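Undergrad: Okay, handing you the structure first.
The values are calculated or read from the model by the stated rules, or taken from the named source; none is laboratory data. Because the structure is a prediction, the values reported are computed rather than measured. Don't worry about glycine lacking a Cβ; one is built from the backbone with ideal geometry, like all the others, and counts go over all protein chains shown. Surface accessibility is based on the protein's heavy atoms, side chains included, excluding ligands, DNA and RNA. Shrake-Rupley method; radii C 1.70, N 1.55, O 1.52, S 1.80 Å.
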Amino acid sequence: MLFQPCNNDTSNGCAVFTDQPISLAMAYVARQEWQDLYETGLGLSRGTIFAQLDKPFEREGTTTDGTR
Amino acid sequence: MAQDSTRQTLIKRVQMYEFALTEANLFLDTHPDNQEALAYYKKYSELLQQAKAEYISRYGLLEPGVMEGDTRWRWVDDPWPWEMQKEQEEV
């Protein structure tokens, strides 16, 4: 399930990909931080220098825990 | 052949740095004040210039053009991209 209830009761459920509160019926793209960079050679072969964006489509799509 | 592998190494370096800059560019478009990304961009811009200069000094232009003292349009002499690709697979 993409959304799951959060432990802190203030929010009305957070996305599994981000701890930022998300409202219903509004598209949301989590803000990317400058981190986890690949070395340039690896970046070229993976098609991104950001490990977080290295999400090859593997038949059933990215894993549900959002790490890949 | 040694000359080919050096050429492959140098062209690969240009490609790597150019790609890294494109990625940093995309990030900076949405994070214009990010100092780390800015420093990264400056660093790889310089590295790219050096990599290009080194490649060009040995093997000629990376884009169509005329170099100092050329008496021929050498652009047609260099290996075409698909020929480079073939060489890359052989190396």
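Undergrad: May I ask you to derive the relative contact order of chain B, considering only C-alpha pairs under 8 Å and at least 6 residues apart, and to give it as an integer percent?
TA: 30 percent
Undergrad: Stretched out fully, how many nm does the piece from residue B:38 to residue B:70 gain, at 0.36 nm a residue minus the Cα gap?
TA: Separation in residues times 0.36 nm, less the Cα-Cα distance, equals 7.8 nm.
Undergrad: With every protein chain kept in the model, how would you rank A:22, A:49 by accessible area, 1.4 Å probe, largest at the top?
TA: Order by accessible area, largest first: A:22, A:49.
Undergrad: Using only protein heavy atoms and a 1.4 angstrom probe, determine the accessible area buried between A and B, summed over both sides, in Å² to the nearest 100.
TA: On the way: alone 5800 and 6620 Å², together 11190 Å².
Looking at A and B, the buried total is near 1200 Å².
Undergrad: If amide H atoms are built 1.01 Å from N in the plane of the peptide, which residues on other chains or at least 5 residues away come under 5 Å of the amide H of residue A:50?
TA: A:38
Undergrad: Let me ask something else. Among B:50, B:35, B:15, which one shows the biggest mean-square fluctuation in a GNM of chain B, springs joining Cα atoms closer than 10 Å?
TA: Between B:50, B:35, B:15, it is B:35 that shows the largest mean-square fluctuation.
Undergrad: In the full protein assembly as shown, how much of residue B:9 is accessible to a 1.4 Å probe, in Å² to the nearest 10?
TA: 80 Å²
Undergrad: Next question. With +1 on each Lys and Arg Cβ and -1 on each Asp and Glu Cβ, and nothing else charged, work out how big the dipole of the stretch B:2-90 is about its Cα centre, in Debye to the nearest 20.
TA: In debye, rounded to 20, the stretch B:2-90 gives about 200.
Undergrad: Here's a follow-up. Using only Cα atoms and rounding to the nearest 10 degrees, what angle (0 to 90) does helix B:81-90 make with the longest principal axis of chain B?
TA: Helix B:81-90 sits roughly 90 degrees off the main axis of chain B.
Undergrad: Compute the long axis of helix B:35-59 from its Cα atoms, compare it with the longest principal axis of the Cα atoms of chain B, and write down the angle in degrees, 0 to 90, nearest 10.
TA: 10 degrees
Undergrad: How large is the accessible surface of residue A:55 in square angstrom, using a 1.4 angstrom probe and rounding to the nearest 10?
TA: Number for this one is 90 Å².
Undergrad: Give the ranking of B:82, B:73, A:34 by solvent-accessible surface, highest area first, calculated with a 1.4 Å probe.
TA: Result, largest first: B:82, B:73, A:34.
Undergrad: Now, a different point. How much of residue A:45 can a 1.4 Å solvent probe reach, expressed as accessible area in Å² and rounded to 10?
TA: For residue A:45, the solvent-accessible surface is approximately 90 Å².
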